[in-house]
Amino acid sequence: MRWLAITDCEAISGKMISMADKQRDWKKGWVQAEKMIELGITLPVATVLGWLIGDFLDKKFHTSWIAIVGLMIGVAAGLIRFIQRALVISAEDSKQDDEHGK
């Protein structure tokens with residue numbers, strides 16, 4: 001006879017939660033973290049890439065204004081991608097909330 005030993009299930013607020021459910025929730029947390037990290041990296045990377053490409057073209061064509069244009073294009077591209085991804089993440093979250101009845 002086992003005394004208060006619950007090996008693969010835990011009783012929380014009257015519900016039994018299996019280890020598989022815990023692992024699934026843990027993985028969902030990491031997926032959410034990855035999505036937020038992607039949002040945080042998108043704008044700076046696009047901005048730097050736009051500037052680097054513009055700087056390269058400045059040196060190639062012996063000008064001084066293409067880097068600024070590249071910077072602006074990079075910022076615009078980063079913002080567009082940021083907004084698109086944020087809307088997708090928001091839609092996924094609301095869909096999951098609807099499925100779980102929250």
Inset, instruction - Identify the single condition in (1) surrounded by fewer than 13 Cβ atoms within 10 Å (Cβ to Cβ); (2) modelled with pLDDT of 90 or more that Trp51 does not satisfy, given that it satisfies every other one. - result: (1)
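Conditions (1) outside any loop (DSSP other than H, G, I, E, B); (2) surrounded by 11 or more Cβ atoms within 10 Å (Cβ to Cβ), marked per residue:
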| position | (1), (2) |
| --- | --- |
| Val45 | yes, yes |
| Ser64 | no, no |
| Ser90 | yes, no |
| Asp93 | yes, yes |
Inset, instruction - Return yes or no: is Ala76 farther than 30 Å from Asp25 by Cα, at pLDDT 95 or above and exposed (fewer than 14 other Cβ atoms within 10 Å of the Cβ)? - result: yes
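The values are calculated or read from the model by the stated rules, or taken from the named source; none is laboratory data. This structure is a prediction, so every number in the text was calculated from the model and none was measured. As a convention, Cβ positions derive from the backbone with ideal geometry for all residues, glycine included, and neighbour counts pool all protein chains shown.
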